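Structure record follows, encoded as structure tokens.
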Amino acid sequence: LMGVMLEDEAEKILAANGDKNQAIALLSGKELTLKGKDGKPLRSAGALQHLMTVFVNYPFTSWAPDAGIRGKKVQETLKKLGVEVNIKVDPEQMTKIEKAAFGEAHSLFNQQQFVQAADSYVRVLNLFPDGEACVLGLSELATCYVEMKEDLFADMVVHHLAQRFGGNSPVMTRAGDQLLRLAIMYKEEKKMPDKSEAAYQLFFTYFPKHSRIAGTLYMFGEQ
């Protein structure tokens, strides 16, 4: 809450072409007259510190993804203002955060709460746009949109999955498997042959090195 309040106040100042230094102080904190044990001046916590504290220390809460997205936005704003603030997060801790964030979205998906799952996945994928968890997330996000009958959004996600993770991507095989899963879902479950054919075409275009490419081409050849 403190982070959001400080961020909103800074945004109002910047929108009104106000004091940039005041906005920077709200976003990144300001130097205090008190000094630490090392003799260096202490700093008050700004929006960034408050938001990242929630994101890093409380990854299993429902506030963590939003805090992470806001923290990222604050860093970008500060960069535009000429201030570089790097928040270092232990890689092991970041893995836990990623797992927790995707876990919440996946749980909603399994409960068939597709609207809530889609919203959760969009927020998490903005924070973690790469890796194996992202591949499954995009696949399930596309499924959510299909269930919600948001066909254009589903098409966008399916294309993104193929274009981003095809070719020489480290997770190419996993992405190709998920694309085939979507193609089969369209054909067998949803009775949408045009969508299924489009997904298969993306597979042939972007996954020429996939282990299942030959078998899938052979299947189409027989048909």
- Message: Please go through (1) touching a residue at least 24 places away in the same chain (Cβ under 8 Å); (2) farther than 30 Å from ASP8 by Cα for HIS50 and return the number of the only condition it doesn't satisfy.
- Response: (2)
- Message: Please go through the stretch 57-74 and give me each residue that is in contact (Cβ under 8 Å) with a residue 12 or more places away in the chain, of a type in the set (A, V, I, L, M, F, W, C) and either crowded, with 20+ Cβ neighbours inside 10 Å or not in a helix (DSSP H, G or I) (or both), ordered by number.
- Response: PHE60, ALA64, ALA67, VAL74
- Task: Kindly indicate whether any position in the stretch 42-55 is of a type in the set (Ser, Thr, Tyr), at pLDDT 85 or above and either loosely packed, with under 14 Cβ neighbours inside 10 Å or under 28 Å from LEU125 (Cβ atoms) (or both).
- Result: yes
- Message: If a residue counts only when it is open to solvent by 50 Å² or more (accessible area, probe 1.4 Å) and touching a residue at least 40 places away in the same chain (Cβ under 8 Å), which helices (runs of 4 or more DSSP H) contained entirely in the stretch 143-223 have at least 2 such residues?
- Response: 151-165, 172-184, 193-206
- Is there any pair with a first residue in the stretch 94-122 that is of a type outside the set (Val, Ile, Thr) and a second that is surrounded by fewer than 17 Cβ atoms within 10 Å (Cβ to Cβ) and part of a helix (DSSP H, G or I) whose Cβ atoms are under 6 Å apart and which are 6 or more apart or on different chains, and what are they? LEU108/GLN116; PHE114/GLU147
- Task: Would you confirm whether any residue within the stretch 121-139 is in a helix (DSSP H, G or I), open to solvent by 60 Å² or more (accessible area, probe 1.4 Å) and at pLDDT 95 or above?
- Result: no
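Would you be able to say whether some residue in the stretch 147-167 is touching a helix residue (DSSP H, G or I) at 6+ places or on another chain (Cβ under 6 Å), of a type in the set (A, V, I, L, M) and modelled with pLDDT under 95? Give the steps one after another, and end with the answer.
Narrowing the stretch 147-167 to residues touching a helix residue (DSSP H, G or I) at 6+ places or on another chain (Cβ under 6 Å): 147-148, 153-154, 157-158, 161-162, 165-166.
Now restrict to residues that are of a type in the set (A, V, I, L, M): 148, 154, 157-158, 161-162.
Imposing the further condition that a residue be modelled with pLDDT under 95 reduces the set to none.
No, every residue in the stretch 147-167 fails to be touching a helix residue (DSSP H, G or I) at 6+ places or on another chain (Cβ under 6 Å), of a type in the set (A, V, I, L, M) and modelled with pLDDT under 95.
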- Hey, among the residues in the stretch 75-93 that are touching a residue at least 12 places away in the same chain (Cβ under 8 Å) and open to solvent by 30 Å² or more (accessible area, probe 1.4 Å), which one's farthest from GLY46 (Cα to Cα)? GLN93
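The values are calculated or read from the model by the stated rules, or taken from the named source; none is laboratory data. What you see is a predicted model; the values in this text were computed from it and never measured. Positions of Cβ are generated from backbone atoms using ideal geometry, with glycine treated the same way; all protein chains shown enter the neighbour counts. To get the accessible areas, we keep the full protein, side chains included, count just its heavy atoms, and leave off ligands, DNA and RNA. Shrake-Rupley method; radii C 1.70, N 1.55, O 1.52, S 1.80 Å.
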